[in-house]
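Here the structure is laid out as structure tokens; the discussion comes afterwards.
The values are calculated or read from the model by the stated rules, or taken from the named source; none is laboratory data. Treat the numbers as computed from the prediction; the structure is a model and nothing was measured. Neighbour counts run over all protein chains shown; Cβ positions are idealised from the backbone, glycine included. Keep in mind that these areas ignore ligands, DNA and RNA; they rest on the heavy atoms of the full protein, side chains included. Shrake-Rupley method; radii C 1.70, N 1.55, O 1.52, S 1.80 Å.
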Amino acid sequence: MSPSTSPRFFTEREVARHCTKDSCWVLLGTRVYDVTTFLRMHPGGEALIRSRAGKDLTREMEGPPHRHSENARRWLEQYYIGEVDRESGAEETLRERRKANEGTEEKSADKNNKLQEEDEDSPHKLCSSVDLDKDLVDWRKPLAWQVGHLREKYDAWVHQPVDRPIRLFGNPFMEAATKTSWYWVPVVWLPIVFYLCWHCYTTLAQGTTRLELSSEFSIPIHKYMFPFLFLLGWSLWTFIEYCIHRFVFHMKPPAHNYYLITLHFLLHGQHHKSPFDGSRLVFPPGLASIVVGMFYMTLCKMLPQTLGVSVFVGGLCGYVVYDMIHYYLHYGSPKKGSYLYGLKAYHVKHHFEHQRSGFGITTTFWDHPFNTAIPDEKF
């Protein structure tokens with residue numbers, strides 16, 4: 001609903017009927033929210049919201065066990081659709097109105113549905129409370145060349161997430177290059193992983209690979225060492241993942257530097273501004289190949305060729321799993337109590353409240369020795 005649109009009014013019974021995955025409404029005081037599109041995104045899972053559908057969430061928002069952040073409250077406002085009319089909630093009054101105005105409720109519902117469809121077709125979608133005239137950037141234009149002018153306001157602006165697609169570039173080819181469907185990651189990289197696994201194992205099986213510790217002493221590397229080298233590479237990737245996320249993606253660009261602000265927004269800022277943009281949740285293969293290539297060359301210089309590739313393929317597989325898990329943490333609904341359920345809650349808190357901590361994606365391990373772990377809190 002656009003800011004200029006007057007609110008529609010609903011009865012409490014009408015709100016209570018919207019309790020399915022196809023239409024889920026909740027209340028906050030007298031305010032009505034259609035959170036249907038948010039069900040899959042909620043860190044506590046879809047069932048948690050559906051169990052509270054049609055009810056007042058004021059206590060749940062305040063906690064305990066979890067007090068929702070200001071960003072979470074701001075996010076909820078994007079789904080605001082109207083107000084509940086409690087004065088007309090008495091059963092007898094409703095019965096009298098239905099008798100006197102048979103079919104009015106159905107017509108009203110049809111009218112509301114029609115208004116909703118019109119809203120969805122307009123620039124002011126129901127799920128976006130961005131005021132196009134008052135926001136710090138012009139959402140009608142590509143954002144890449146605008147954000148650098150925000151200067152000292154950039155950091156606060158980029159960490160106020162919205163459920164709205166972002167257009168980075170006006171050029172359609174440049175814009176398309178920044179978007180990637182999730183399935184391209186396994187399609188591009190898994191064949192390379194499988195081939196290199198086969199190549200390294202068969203090469204080690206020849207029994208000619210040795211690790212030279214000095215000119216007079218070397219250790220033969222048996223083929224059964226490959227799984228350990230593979231897991232070493234995977235573990236090494238989790239550390240690289242942590243470092244890239246913390247020191248590159250979450251660098252704080254100087255307020256006076258237009259180019260570093262723009263770079264930060266292109267690399268990761270746009271993801272924090274629009275965290276559920278499904279086309280930008282995984283790395284485009286072209287960009288990822290730069291990091292993959294550097295990882296490969298570094299390992300092959302430090303270790304004998306076959307050993308370096310064996311560690312590399314483990315790291316490459318770790319990267320594929322990382323991108324798939326990252327996508328799932330935004331759009332999946334893991335079972336409560338599972339490992340992925342905890343990761344999803346952890347990652348969503350990173351987006352909405354703890355942007356300067358919680359940098360682990362596939363594991364929270366490295367956050368603990370570097371004191372960047374998000375405080376434990378049950379959902």
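A few remarks follow.
- Test: residue in the stretch 307-319 that is surrounded by fewer than 17 Cβ atoms within 10 Å (Cβ to Cβ) and at negative phi: no
- Subset of the stretch 36-51 (residues that are surrounded by 16 or more Cβ atoms within 10 Å (Cβ to Cβ) and among the basic types (Lys, Arg)): Arg50
- Selection status of Gly308, closer than 22 Å to Val185 by Cβ and of a type in the set (Gly, Ala, Ser): no
- Once the stretch 156-170 is narrowed to residues that are touching a Leu at 6+ places or on another chain (Cβ under 7 Å) and open to solvent by less than 30 Å² (accessible area, probe 1.4 Å), the residue that is nearest to Gly278 (Cα to Cα) is Ile166.
- Positions within the stretch 261-303 being over 27 Å from His347 (Cβ atoms) and surrounded by 14 or more Cβ atoms within 10 Å (Cβ to Cβ), in sequence order: Tyr296, Leu299, Cys300, Leu303
- The single condition from (1) open to solvent by less than 20 Å² (accessible area, probe 1.4 Å); (2) modelled with pLDDT under 85; (3) among the hydroxyl-bearing types (Ser, Thr, Tyr) that Tyr33 fails is (2).
- Complete set of residues in the stretch 176-200 that are within 19 Å of the chain's Cα centre (by Cα) and open to solvent by less than 70 Å² (accessible area, probe 1.4 Å): Thr178, Thr180, Ser181, Val185, Pro186
- Which numbered condition Phe173 misses (of (1) open to solvent by less than 40 Å² (accessible area, probe 1.4 Å); (2) more than 21 Å from the chain's Cα centre (by Cα)): (1)
- Residue that is nearest to Leu229 (Cα to Cα) [pool: residues in the stretch 292-335 that are of a type in the set (D, E, K, R) and touching a Phe, Trp or Tyr at 6+ places or on another chain (Cβ under 7 Å)]: Asp323
- Considering residues of the stretch 127-162 that are in a loop (DSSP other than H, G, I, E, B) and of a type in the set (Lys, Arg) only, the residue modelled with the highest pLDDT: Lys141
- The stretch 363-379, residues that are hydrophobic (A, V, I, L, M, F, W, C) and without any contact (Cβ under 8 Å) to a residue 40 or more places away in the chain: Ala373, Ile374
- Neighbours by Cβ (under 9 Å, 6+ apart or cross-chain): first from the stretch 254-278, under 16 Å from Ala177 (Cα atoms); second of a type in the set (D, E, K, R) and assigned to a helix (DSSP H, G or I): Phe265/Lys273; Gln270/Arg280; His271/Arg280
- Taken over the stretch 320-362, the criterion of being touching a residue at least 24 places away in the same chain (Cβ under 8 Å) and in contact with a His (Cβ under 6 Å, 6 or more places away or on another chain) is satisfied by Leu329, Gln355, Phe359, Ile361.
- Of the residues making up the stretch 236-251, those that are aromatic (Phe, Trp, Tyr) and either modelled with pLDDT under 95 or open to solvent by less than 60 Å² (accessible area, probe 1.4 Å) (or both) are Trp237, Tyr242, Phe249.
- For the stretch 212-235, taking the residues that are open to solvent by less than 50 Å² (accessible area, probe 1.4 Å) and among the aliphatic types (A, V, I, L, M), the one that is farthest from Phe295 (Cα to Cα) is identified as Ile221.
- The condition (being touching a helix residue (DSSP H, G or I) at 6+ places or on another chain (Cβ under 8 Å), surrounded by fewer than 18 Cβ atoms within 10 Å (Cβ to Cβ) and at pLDDT 95 or above) is satisfied by just one residue among Tyr258, Tyr331: Tyr258.
- Output for the stretch 143-155, where each listed residue is more than 24 Å from Leu287 (Cα to Cα) and either exposed (fewer than 14 other Cβ atoms within 10 Å of the Cβ) or of a type in the set (Val, Ile, Thr) (or both): His149, Glu152, Lys153
- When the stretch 336-379 is filtered for residues that are part of a helix (DSSP H, G or I) and of a type in the set (Lys, Arg), the ones remaining, listed by number, are Lys344, Lys349.
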